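Novice: Please read through the structure below; I'll follow up with questions.
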Amino acid sequence: MAATSIPKRTLLLGRSSECDVILNHPEVSGRHALLTILPDGKVEVRDVGSTNGTFINGQRVMTGILQTGDKLTLGTYAVDWEEILKNPPPPTSGSGSATRITRIRYSSKGLPQTFLWVAVAILVVLGILWFFVRPWVFQPK
């Protein structure tokens, strides 16, 4: 029987070498999620027991349907799922080995917001120290 070039309808995403799409990120589990093209053309994501969860637009899901423009996040790692489906890994032709995708765009859109929250937290701690600890430590004699 000859190998066909029909792309797989289900892709396993994770850090493990068993996965179809390998994502080397500490927030991604070894076997994190399944991305499936359903018979009606919709795209389903299913968490397969990951540690850090699977999120669609910030909502944690065990199973969910992805719409164009939705943000898929595995743990805190943003995955460009539409790009994966546009350029799926080629069939393995029966070799059983996964196709390692080395260039998956990393979204850093949340970085400025995270930096802002860290700066605010530092200012709050400094304010607490200034108003509550300073008068206690440096009492006038």
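What follows draws every value from the coordinates through simple rules; no lab data is involved. Please read these numbers as outputs of a predicted model, since none were measured by experiment. Cβ sites come from the backbone with ideal geometry, for glycine too, and all protein chains shown count toward neighbours.
Novice: Would any residue of segment 47-88 have its amide N under 17 Å from a label point 7 Å out along Cα→Cβ of Gln113? List them or say none.
Specialist: 54-61, 69-80
Novice: Amide H to amide H under 5 Å from Asn52: which residues, 5+ apart in sequence or cross-chain, H placed 1.01 Å off N in plane?
Specialist: Answer set, sorted by chain and number: Ser29.
Novice: Could you rank the peptides 34-46, 12-24, 68-80 by their average count of other C-beta atoms within 10 Å per residue, with the highest value first?
Specialist: Ranked from most to least packed, the peptides come out as 12-24, 68-80, 34-46.
Novice: Mind giving me the FRET efficiency for Asp40 and Thr76? R0 is 22 Å, r the Cβ-Cβ distance, nearest 0.05 is fine. Don't jump to the answer; show the numbers that get you there.
Specialist: Details: r = 31 Å, r/R0 = 1.41.
My answer for the efficiency is 0.10.
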